[in-house]
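Okay, so here's the structure we're looking at.
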Amino acid sequence: MTNPTTQTSRPSDVYFFATCVVDQFFPGAGLDAITLLERQGIRVHFPEDQTCCGQPAYSSGFEEEARRVAAHQLTLFPNDWPIVVPSGSCAGMMKHHYPKLFAADPTRKAVAERLSARVYELTQFLVEVLDFQPQDCGGDCKVVLHTSCSARREMGVHLTGRKLLAGLEKVSVVQQDHESECCGFGGTFSVKQPEISGAMVEDKVKALKATGAERVVSADCGCLMNILGHAAWQDQQAGRSEPSLPGEHIASFLLRRTGGEQ
Amino acid sequence: MSEHTLHFKPAEGFRARSKAVVDNPFLRQSFRGAMDFLMSKRAAQFPDPEELESLRSLGEAIRQYNLAKLPDLLEQLEANLTRNGVKVHWAETPDEANTIILGIIQGHGATKMVKGKSMVSEEIELNHAAEAAGIEALESDMGEYIVQLAGEKPSHIIMPAIHKTKEEIARLFAEKVPGVDYTDNVDALIQIGRNVLRRKFQEAEIGLSGVNFAVAETGTLCLVENEGNGRMCTTAPAIHIAITGIEKIVEKLEHIPPLYSLLTRSATGQNISTYFNMISSPRKPGEKDGPEEVHLVLLDNGRSQAYADEQLRKTLQCIRCGACMNHCPVYTRIGGHAYGTTYPGPIGKIVSPHMLGLDATAGLTTASSLCGACGEVCPVKIPIPELLVRLRNEAFSAPHANPAMRGQGAGHSALQSAIWRGWAAVYGSPALYRAVSWLGSRLRFLVPRRQGGWTSVRTPLQPAPKRLRDLLKDRN
């Protein structure tokens with residue numbers, strides 16, 4: 001049994017599950033997401049013992065190892081608060097795969113199900129639970145939004161990021177060709193099949209640049225790591241010092257547009 | 001499981017073949033264009049997401065209902081076909097299927113066969129077996145005819161020659177068809193094919209076809225096609241041999257309309273196909289046309305292995321529409337031949353391990369970013385990404401963990417397993433994770449500049465100077 005996702009009352013406290021990628025590679029995005037939530041009057045709790053949702057092993061075919069890591073995360077969220085995750089794919093792992101991962105273990109399965117029902121992707125939480133209406137303080141700006149496949153197809157939250165950006169008065173959001181197509185990251189896929197993954201990210205970066213947007217924003221740091229990593233590699237090859245495709249997590253963009261850290 | 005020789009390359013060399021396509025801008029552009037076209041055709045057929053969703057759920061339910069009753073339905077089908085005068089044969093392997101088919105042909109002293117489109121006949125490599133036995137087997141579906149002339153295999157299950165441009169086809173016809181001059185006029189090319197085939201339909205003693213749906217309750221074989229060649233193959237020659245996988249069965253005729261609608265709309269974006277053939281018996285006394293004999297060969301070839309597993313059984317829901325290929329960013333980049341299997345693309349990655357064993361296909365399971373586009377468009381809701389993850393588990397776990405899965409453990413490597421165990425030890429322990437991630441941030445300048453496949457087109461990954469947990473501490 002899964003509980004309804006959308007909770008009607010506005011919570012006073014939330015847990016923040018940063019994800020291993022944000023903790024180690026995009027800490028600024030995590031901090032900005034937390035600040036953004038706090039500015040909505042919410043107490044954000046960061047369980048110190050959090051590590052990783054387990055998805056890298058899970059999707060690579062190492063379920064036992066994934067279970068071991070996931071089992072540890074199950075212990076981190078004792079209170080009945082929403083768990084906000086600044087990544088569609090890690091949120092998808094916790095929401096949709098945890099209950100399956102512990103199907104054979106009734107005690108942990110029950111915990112996983114209670115946890116699953118409380119998991120929100122960040123933009124989903126901002127829109128569906130907080131009804132966040134950003135007040136734009138920035139100048140004219142053209143951005144392009146990349147939505148991760150997990151956010152789109154697993155979490156079904158591809159419209160929430162778009163809605164947040166649409167609320168920014170002076171920001172115009174342009175749409176890239178083949179918008180819904182995967183950027184080619186796919187965790188270990190990018191390493192195991194570098195030729196195909198490389199072709200996918202090449203096409204994605206080309207489509208993003210072709211929009212003429214100043215920057216790309218995304219709610220998933222895995223995709224950003226891939227997209228920005230390829231764009232930077234292209235710049236390096238071309239001997240260019242300024243990034244040809246700057247990008248950041250949507251939380252950082254939203255925070256800055258709505259007045260920074262103040 | 002008996003040995004059989006497969007002429008197509010197994011999944012070995014997949015990376016080299018995919019690289020060859022990826023590095024060819026012309027091919028890449030051409031696949032992209034073709035897939036874009038097919039995607040937009042399908043999208044136009046399903047303007048209402050709610051209708052699509054309810055139809056997909058219905059399709060899934062029908063397929064699951066029929067699979068649940070499969071053993072009984074197979075018996076019922078055999079009984080009813082036999083009563084209708086159709087001879088039913090059972091083949092466990094491609095070899096057995098070829099032996100049965102060649103036996104029927106040779107039993108009649110026949111030497112000429114025309115074939116309608118059948119992926120199962122590709123699966124058993126019937127053309128090779130026929131050629132070895134001195135039997136002429138001519139493909140009559142235009143796309144199949146083209147790939148046969150070129151000495152290739154289909155690169156797509158619905159559009160076998162989608163990898164070829166009209167100029168390539170024009171050159172092929174000029175070279176291979178006697179008395180034909182180069183023309184890249186599509187209508188003229190089709191006319192050339194028709195002229196060749198028309199003569200062959202008159203000469204052939206044997207017509208071979210696939211089956212889209214076999215109806216158990218009535219003993220009816222249903223065939224979906226557009227060109228009319230399928231109807232010719234099943235009516236003009238004196239002997240009709242149909243071949244299909246054991247999973248293609250529905251209990252009742254009324255199960256077909258939703259599946260048929262999903263099939264044509266998902267495959268080619270057609271509301272309905274030009275032809276829908278229903279074959280229930282050979283020619284009856286007093287009838288003017290139709291074959292004198294009708295045979296059905298039911299092929300297992302690993303399907304029962306998938307069937308035996310509750311999760312993997314969903315693989316058999318497939319109605320072979322090819323939508324998963326059309327929407328797959330990997331297939332779009334590399335085309336069908338790179339896979340080296342009869343069935344390419346997402347469905348190929350989940351069905352081939354049962355046909356060829358994971359030993360031949362373990363590498364293919366990694367060729368997916370798990371983006372989910374395939375599962376999203378599958379008309380019968382096969383959870384393809386979920387099944388791929390399952391197959392990765394079967395491929396990489398230590399051998400003998402699951403004897404029911406042929407080739408299980410073929411992708412196992414002690415090093416890879418050790419790495420993941422080490423990873424789980426670190427990420428399963430907050431203290432270790434804190435220590436390792438702290439070290440990572442301190443030693444960030446020591447990360448290697450070359451990071452395997454990642455840095456072939458990306459800058460190296462480097463941890464941030466401070467972790468989020470450090471930034472949070474600094475803030476407080």
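When the residues of region A:49-86 are filtered to those that are facing chain B (nearest Cβ under 7 Å) and assigned to a loop (DSSP other than H, G, I, E, B), the one that is surrounded by the fewest Cβ atoms within 10 Å (Cβ to Cβ) is A:49. Of all residues in region A:212-262, those being part of a loop (DSSP other than H, G, I, E, B) and under 19 Å from residue A:184 (Cα atoms) number 4. Can you pull out the residues in region B:135-166 that are surrounded by fewer than 20 Cβ atoms within 10 Å (Cβ to Cβ) and either in contact with a Ser or Thr (Cβ under 7 Å, 6 or more places away or on another chain) or of a type in the set (S, T, N, Q) (or both)? Residues satisfying the conditions are B:136, B:165.
Considering the conditions (1) assigned to a loop (DSSP other than H, G, I, E, B); (2) of a type in the set (Ser, Thr, Tyr); (3) surrounded by 24 or more Cβ atoms within 10 Å (Cβ to Cβ), residue A:89 is excluded by exactly one of them, (1). Checked against the criterion of being more than 30 Å from residue A:178 (Cβ to Cβ) and touching a residue at least 40 places away in the same chain (Cβ under 8 Å), the candidates A:130, A:126, A:122, A:145 yield just one match: A:130.
Could you please give the count of residues in region A:143-202 that are acidic (Asp, Glu), under 25 Å from residue A:132 (Cβ atoms) and surrounded by 19 or more Cβ atoms within 10 Å (Cβ to Cβ)?
Qualifying residue count, region A:143-202: 1.
Residue A:144 fulfils the conditions (1) modelled with pLDDT of 95 or more; (2) under 22 Å from residue A:18 (Cα atoms) except for a single criterion, (2). Based on this model, can you work out whether residue B:66 counts as at pLDDT 95 or above, closer than 24 Å to residue B:379 by Cα and buried (at least 20 other Cβ atoms within 10 Å of the Cβ)? Criteria met by residue B:66. Of the residues making up region A:188-229, those that are in contact with a Phe, Trp or Tyr (Cβ under 9 Å, 6 or more places away or on another chain) and touching a residue at least 40 places away in the same chain (Cβ under 8 Å) number 10. Assess whether residue B:404 counts as being surrounded by fewer than 19 Cβ atoms within 10 Å (Cβ to Cβ) and within 30 Å of residue B:59 (Cα to Cα). So residue B:404 passes the test. Among helices (runs of 4 or more DSSP H) entirely within region B:317-419, having at least 3 residues that are free of Cβ contacts under 8 Å to residues at least 60 places away in the same chain singles out B:345-356, B:373-377, B:384-396. Filtering region A:156-189 to residues that are within 11 Å of chain B (Cβ to nearest Cβ) and more than 23 Å from residue A:212 (Cβ to Cβ) leaves A:156, A:185, A:186, A:187, A:188, A:189.
Can you tell me which residues in region B:238-262 are part of a loop (DSSP other than H, G, I, E, B) and surrounded by fewer than 19 Cβ atoms within 10 Å (Cβ to Cβ)? Working first, answer last.
First, the residues of region B:238-262 that are part of a loop (DSSP other than H, G, I, E, B): B:238, B:246-248, B:251-252.
Result: B:238, B:252.
Restricting to region A:94-115, and then to whatever is buried (at least 21 other Cβ atoms within 10 Å of the Cβ) and touching a Ser or Thr at 6+ places or on another chain (Cβ under 8 Å), can you tell me which residue is farthest from residue A:223 (Cα to Cα)? Only one residue fits best here, namely A:99.
The condition (being under 24 Å from residue B:329 (Cα atoms), within 14 Å of chain B (Cβ to nearest Cβ) and touching an Asp or Glu at 6+ places or on another chain (Cβ under 8 Å)) is satisfied by just one residue among A:192, A:204: A:204. Restricting attention to region B:329-348 and to residues that are within 12 Å of another protein chain (Cβ to nearest Cβ) and closer than 24 Å to residue B:405 by Cβ, the residue that is surrounded by the fewest Cβ atoms within 10 Å (Cβ to Cβ) turns out to be B:339. Out of the residues in region B:452-476 that are more than 30 Å from residue A:204 (Cα to Cα) and more than 7 Å from every other protein chain (Cβ to nearest Cβ), state the one that is surrounded by the fewest Cβ atoms within 10 Å (Cβ to Cβ). By that ranking, first place goes to B:476. Taking region B:366-406 on its own, how many of its residues are more than 15 Å from the chain's Cα centre (by Cα), more than 13 Å from chain A (Cβ to nearest Cβ) and over 18 Å from residue B:307 (Cα atoms)? Residues meeting the conditions: 2.
Yes/no matrix, rows are residues, columns are (1) modelled with pLDDT under 95; (2) in a helix (DSSP H, G or I):
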position	(1), (2)
B:435	no, yes
B:440	no, yes
B:445	yes, yes
B:453	yes, yes
B:460	no, no
B:465	no, no
B:470	no, yes
B:473	no, yes
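Only a single item in (1) touching a strand residue (DSSP E or B) at 6+ places or on another chain (Cβ under 7 Å); (2) touching a residue at least 24 places away in the same chain (Cβ under 8 Å); (3) facing chain B (nearest Cβ under 8 Å) is not met by residue A:34, and it is number (2). Comparison of A:172, A:148 shows that the only residue that is in contact with a helix residue (DSSP H, G or I) (Cβ under 6 Å, 6 or more places away or on another chain) and small (Gly, Ala, Ser) is A:148.
One line per residue, one yes/no per condition, for (1) crowded, with 17+ Cβ neighbours inside 10 Å; (2) in contact (Cβ under 8 Å) with a residue 40 or more places away in the chain; (3) part of a helix (DSSP H, G or I); (4) in contact with a Cys (Cβ under 7 Å, 6 or more places away or on another chain):
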position: B:191; (1), (2), (3), (4): no, no, yes, no
position: B:195; (1), (2), (3), (4): no, no, yes, no
position: B:223; (1), (2), (3), (4): yes, yes, no, no
position: B:234; (1), (2), (3), (4): yes, yes, yes, no
position: B:264; (1), (2), (3), (4): yes, yes, yes, no
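Going through (1) crowded, with 19+ Cβ neighbours inside 10 Å; (2) in a loop (DSSP other than H, G, I, E, B); (3) not β-branched (Val, Ile, Thr) one by one, residue B:47 falls short only on (1).
The values are calculated or read from the model by the stated rules, or taken from the named source; none is laboratory data. Just so it is clear, the structure is predicted and the values come from calculations on it, not from any experiment. Methodologically, a virtual Cβ is constructed for each residue, glycine included, from the backbone with ideal geometry; neighbour enumeration extends over all protein chains shown.
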